[in-house]
Amino acid sequence: MKKKNDYGYKKASIATALLCLFLLFYTASDVRAENKTIIRVGYVEQTGFMENVAGEYSGYCVDYLEEIAAYTNWEYEYVADTWENCLVRLEKGELDLLCMAHKNLESTGKYTFTELPIGYEYTTVYAKQDSDIYYEDYEAMENSKVGLLRGGFHADEFLKVADEKNLNVEKI
């Protein structure tokens with residue numbers, strides 16, 4: 001036989017349990033917020049990858065980092081600078097992370113890289129639309145003037161392929 005007070009007791013117990021859970025999660029979220037780790041990220045503007053539009057950071061790299069933050073309790077401080085200055089700041093410990101880095105012989109001894117890449121890039125050669133240069137037509141590129149970005153991954157890749165194909169080009 002049930003008593004009238006059993007229902008009230010169960011209701012009070014459930015309310016107390018819910019209040020305890022609420023306080024536990026509320027306190028835990030406060031502790032998590034206090035224990036956020038600030039990660040300084042070198043920021044070099046690149047459309048679609050890392051952009052700052054009206055004070056809002058966006059792009060593939062930013063989205064990728066935000067996904068990591070969901071699991072690590074990291075908060076990012078973006079530090080805008082040139083690529084060269086970001087590399088120097090990374091070496092000095094003024095930055096914790098730098099996106100868009102590529103492994104090469106020079107960089108592998110200086111920096112720690114992720115085991116898995118966050119994306120893939122490829123090198124593209126542009127020619128005037130009315131030129132006689134076609135895909136993998138290295139003979140037609142012989143003795144061409146080629147504009148390369150100094151110190152960039154793509155320049156290194158192009159020169160590596162040109163060397164493999166014994167392609168003579170004038171670098172400008």
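The values are calculated or read from the model by the stated rules, or taken from the named source; none is laboratory data. What you are looking at is a predicted structure, and each value in this text was computed from that prediction instead of being measured. FYI the Cβ positions are ideal-geometry reconstructions off the backbone, even for glycines, and counts take in every protein chain you see. Heavy atoms of the whole protein, side chains included, go into the accessibility calculation; ligands, DNA and RNA do not. Shrake-Rupley method; radii C 1.70, N 1.55, O 1.52, S 1.80 Å.
Here are the numbers for the structure shown:
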quantity	calculated
Given Lys36/Lys92; Lys92/Lys165; Lys110/Lys165, the pairs whose alpha carbons are separated by over 28 Å	Lys92/Lys165; Lys110/Lys165
Additional length obtainable on full extension of the chain from Glu139 to Ser58, 0.36 nm per residue less Cα span	25.0 nm
Given charges at Cβ of Lys, Arg, Asp, Glu: segment 42-172 dipole, positive-most of Gly48, Val62, Phe113	Phe113
Nitroxide proxy distance, nm - points 7 Å out along Cα→Cβ at Lys171 and Ser131	1.8 nm
Size of charge dipole - segment 56-172 - debye, nearest 20, with Cβ of Lys, Arg +1 and Asp, Glu -1, no other charges	380 debye
Asp96 accessible area, 1.4 Å probe, all protein chains in place, Å² to nearest 10	70 Å²
Rounded to the nearest 20 debye, dipole of segment 52-96 from Cβ charges on Lys, Arg, Asp, Glu	100 debye
Exposure of Lys160 as accessible area (Å², to 10), given a probe of 1.4 Å and all protein chains	110 Å²
Pairwise centroid distance, computed over Cα atoms, of segment 77-103 with segment 124-165, Å	29 Å
